[in-house]
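Student: I am attaching a structure below and will ask some questions about it afterwards.
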Amino acid sequence: MKKMLIRADDLGYSEAVNYGIEKSIKNGVVKSVGMMTNMVAASHGFNLIKDYSICLGQHTNICIGKPVCNPQVIPSLVNENGEFKSSSDYRNSEQDIVVLEEVVMEIEAQYKQFVQLTGYKPKYLDGHAIKSENFFNGLEIVARKLNLKYSGMTFGNKPMIVGETNVYVHIAHSIEQKSIEPLIEAVEQGHEGDCDMVITHPGYIDAYILENSSVNIPRVYEVEMLCSETTKEYLKRNDIKLVTYDDL
């Protein structure tokens, strides 16, 4: 039996995203969810999903919205308006613009926000991906300090270790594949005895997403893919055991 962890990122990004994630839990196969605690809609998202039996983690974000820290103490992460620099700022820089000490402060502040909102520690810690080695180093530092499971990023045939398990990462790209192709790929490339993780971004679309995210239409298709009976039947037919970070 192959193990698969299906994760939904971006809870809290917007209310529309929250509704899509909630449907993907209620009617779909999502069992692990990452919450962006700095976002205004984080509380709305948590209230939608808090009564479901899922594994909720901290999807640490430093490229959209306002920081939890005072912007004055983390100048490398913010623009002149006190909001996070955009993902394009990181992509377009030839150097790592993140100062390690500053990002550690923000990661810990988002952790405290998570605990305040939920009443418990995140089941795992990961990052809303940007081009910054210091960001991911900071996540590892905080994970060790707070004794949290750290979920980094890796691609292809190279696994990462989460807890005590080798985990292979697959990312859904449903804008081109309005079907269960992302899951089929993960199953066909699956690793016996280890775990394959499919990262998804389900959600619906509102004005905030249209104005602030390059990923919009794919979110809607991913909700459909995660909730479809075809998906559920395919996983069952291939003897896939769905797990969460608690199982790693």
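The values are calculated or read from the model by the stated rules, or taken from the named source; none is laboratory data. The structure presented is a predicted model; accordingly, all values stated were derived computationally and were not measured. Using ideal geometry, Cβ is built from the backbone for each residue, glycine included, and neighbour counts are taken over all protein chains shown.
Student: Hey, ASP196 hits all of (1) surrounded by fewer than 18 Cβ atoms within 10 Å (Cβ to Cβ); (2) of a type in the set (Asp, Glu); (3) in contact with a Gly (Cβ under 7 Å, 6 or more places away or on another chain) but one; which does it fall short on?
Tutor: Exception for ASP196: condition (1).
Student: Can you tell me which residues in the range 107-138 are in a helix (DSSP H, G or I), in contact (Cβ under 8 Å) with a residue 24 or more places away in the chain and β-branched (Val, Ile, Thr)?
Tutor: Let us first name the residues in the range 107-138 that are in a helix (DSSP H, G or I), namely 107-118, 133-138.
Still in the list and also in contact (Cβ under 8 Å) with a residue 24 or more places away in the chain: 107-114, 117-118, 133-135, 137-138.
Within the range 107-138, ILE107, THR118 qualify.
Student: Right, another one. Could you tell me whether any residue of the range 75-86 is small (Gly, Ala, Ser), within 23 Å of GLU211 (Cα to Cα) and in contact (Cβ under 8 Å) with a residue 12 or more places away in the chain?
Tutor: Let us first name the residues in the range 75-86 that are small (Gly, Ala, Ser), namely 76, 82, 86.
From what's left, within 23 Å of GLU211 (Cα to Cα): 82, 86.
Still in the list and also in contact (Cβ under 8 Å) with a residue 12 or more places away in the chain: 82, 86.
For the range 75-86, residues small (Gly, Ala, Ser), within 23 Å of GLU211 (Cα to Cα) and in contact (Cβ under 8 Å) with a residue 12 or more places away in the chain: present.
Student: Report, by residue number, each residue of the range 139-191 that is β-branched (Val, Ile, Thr), in a loop (DSSP other than H, G, I, E, B) and either buried (at least 19 other Cβ atoms within 10 Å of the Cβ) or modelled with pLDDT of 85 or more (or both). Can you show your working first?
Tutor: Let us first name the residues in the range 139-191 that are β-branched (Val, Ile, Thr), namely 141-142, 154, 161-162, 165, 167, 169, 171, 175, 180, 184, 187.
Of the ones still in play, those that are also in a loop (DSSP other than H, G, I, E, B) are 154, 175, 180.
Passing the criteria: only ILE180.
Student: Shifting gears a bit: Of all the residues that make up the range 108-122, how many are surrounded by fewer than 20 Cβ atoms within 10 Å (Cβ to Cβ) and either among the small types (Gly, Ala, Ser) or touching a Phe, Trp or Tyr at 6+ places or on another chain (Cβ under 9 Å) (or both)? Let's see the steps before the verdict.
Tutor: The initial filter retains those residues of the range 108-122 that are surrounded by fewer than 20 Cβ atoms within 10 Å (Cβ to Cβ), namely 108-109, 112-113, 115-121.
Retained after the next criterion (residues that are either among the small types (Gly, Ala, Ser) or touching a Phe, Trp or Tyr at 6+ places or on another chain (Cβ under 9 Å) (or both)): 109, 117-121.
Residues in the range 108-122 being surrounded by fewer than 20 Cβ atoms within 10 Å (Cβ to Cβ) and either among the small types (Gly, Ala, Ser) or touching a Phe, Trp or Tyr at 6+ places or on another chain (Cβ under 9 Å) (or both): 6 in total.
Student: Can you find a residue that is surrounded by fewer than 15 Cβ atoms within 10 Å (Cβ to Cβ), within 28 Å of GLU229 (Cβ to Cβ) and either without any contact (Cβ under 8 Å) to a residue 12 or more places away in the chain or touching a helix residue (DSSP H, G or I) at 6+ places or on another chain (Cβ under 9 Å) (or both) anywhere in the range 2-17?
Tutor: Initially, the range 2-17 is screened for residues surrounded by fewer than 15 Cβ atoms within 10 Å (Cβ to Cβ), giving none.
Checked the range 2-17: no residue is surrounded by fewer than 15 Cβ atoms within 10 Å (Cβ to Cβ), within 28 Å of GLU229 (Cβ to Cβ) and either without any contact (Cβ under 8 Å) to a residue 12 or more places away in the chain or touching a helix residue (DSSP H, G or I) at 6+ places or on another chain (Cβ under 9 Å) (or both).
Student: Does at least one position in the range 216-232 carry a residue that is part of a loop (DSSP other than H, G, I, E, B), under 22 Å from ILE130 (Cβ atoms), of a type outside the set (D, E, K, R) and under 16 Å from the mean Cα position of the chain (by Cα)?
Tutor: Taking the range 216-232 and keeping what is part of a loop (DSSP other than H, G, I, E, B), we get 216, 228.
Adding the requirement that they be under 22 Å from ILE130 (Cβ atoms) leaves 216.
Narrowing the set further to residues that are of a type outside the set (D, E, K, R) leaves 216.
Next cut, under 16 Å from the mean Cα position of the chain (by Cα) only: 216.
Scanning the range 216-232, I find at least one residue that is part of a loop (DSSP other than H, G, I, E, B), under 22 Å from ILE130 (Cβ atoms), of a type outside the set (D, E, K, R) and under 16 Å from the mean Cα position of the chain (by Cα), so the answer is yes.
Student: Of all residues in the range 83-106, which are surrounded by 15 or more Cβ atoms within 10 Å (Cβ to Cβ), outside any loop (DSSP other than H, G, I, E, B) and at pLDDT 95 or above?
Tutor: PHE84, LEU100, GLU102, VAL103, VAL104, MET105, GLU106, listed by residue number.
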